[in-house]
Amino acid sequence: VVLNAFTWGAVFLDAEGDQDQDLYINSIAGVPYNFMFENIDNGSALVNVTSTWGFGSDAQYSVGNAIGDFNSDGRPDIFRNGSSGSSSTFWRNDFSSNNYLTINLIGMVSNAQAVGSVVELMAGGQHQYRRLGCGEGFSSQNSNTLFFGLGENQEVESITVNWPNGIVTSMSNVAANQSITMFELSCSDPEACNYDPLATGENDEQCTYPGCND
């Protein structure tokens, strides 16, 4: 990607949910005001889809951008911070043909917002990675929700969270098109022992999820 322009923000996101990361960049007055590049996932250069994806009408000078999901449909939307005298703009993601999974992380040991965690997800034999960061753009912060496009896959084979302090949490066979929460424990659910009504504690042989505290 070559822009030959000074920019204030860039964010990778799987806009259409096809299991690869696209790139959104906002820029300044004197050049096109924003850029959207599609990752067509065949090894070639990213494709400029600024106009075809609806961004061509945004002629505002902005200084930062962030992604989040304002309508809880599992797809990342984009907000741009307007500079002095310029309006901020919000872009709703209307792609809906592919499946998705969103993940929220809750730290129990390292830090409550789970900043620094790396999530590996495998669906349809394809691996995806996300890192939960902070201060990710000028005057900008992405949502703490992590977005994964799944394409046509109806199920996620596995999810592995590598927490900052070294704890690893895993899940398997997770249905698509939902939002899940994962906790920084040695199992994926803080109430996992309660799945078996005969379990009386984590040392009980009836408890099939050892390591939980509840």
Considering only the range 107-117, state which residues are among the small types (Gly, Ala, Ser) and surrounded by 16 or more Cβ atoms within 10 Å (Cβ to Cβ). Gly107, Ser110, Ala114, Gly116, Ser117
So how many residues does the range 38-92 have that are under 15 Å from Ser140 (Cα atoms) and basic (Lys, Arg)? 1
If a residue has to be at pLDDT 95 or above and surrounded by fewer than 16 Cβ atoms within 10 Å (Cβ to Cβ) to count, how many in the range 131-156 make the cut? 4
Give all pairs with beta carbons closer than 6 Å in which a residue from the range 88-106 that is surrounded by fewer than 20 Cβ atoms within 10 Å (Cβ to Cβ) meets a residue that is polar (S, T, N, Q); count only pairs at least 6 apart in sequence or on separate chains. Ser88/Asn81; Asn104/Thr145; Asn104/Thr181
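Let's see how each residue does on (1) over 20 Å from Arg131 (Cα atoms); (2) not small (Gly, Ala, Ser):
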| position | (1), (2) |
| --- | --- |
| Leu23 | no, yes |
| Phe37 | yes, yes |
| Asn42 | yes, yes |
| Val49 | yes, yes |
| Trp53 | yes, yes |
| Ala59 | yes, no |
| Asn71 | yes, yes |
So Asn194 passes all but one of these: (1) open to solvent by less than 40 Å² (accessible area, probe 1.4 Å); (2) at pLDDT below 90. Which condition number does it fail? (1)
Residues of the range 143-157 being part of a loop (DSSP other than H, G, I, E, B) and either out of contact with any Pro (no Cβ under 9 Å at 6 or more places or on another chain) or under 18 Å from Glu16 (Cβ atoms) (or both), which ones? Asn144, Thr145, Glu152, Asn153, Gln154
Among the residues of the range 63-87, what is the count of those that are within 24 Å of Leu146 (Cα to Cα) and open to solvent by less than 30 Å² (accessible area, probe 1.4 Å)? 11
Exception for Pro164 within (1) under 26 Å from Gly17 (Cβ atoms); (2) modelled with pLDDT of 90 or more falls at (1)
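The values are calculated or read from the model by the stated rules, or taken from the named source; none is laboratory data. Keep in mind it's a predicted model, so treat the numbers as computed, not measured. Every residue, glycine among them, receives a Cβ derived from its backbone with ideal geometry; neighbour counts consider all protein chains shown. Note: accessible area is taken over every heavy atom of the protein model, side chains too, but ligands, DNA and RNA are not part of it. Shrake-Rupley method; radii C 1.70, N 1.55, O 1.52, S 1.80 Å.
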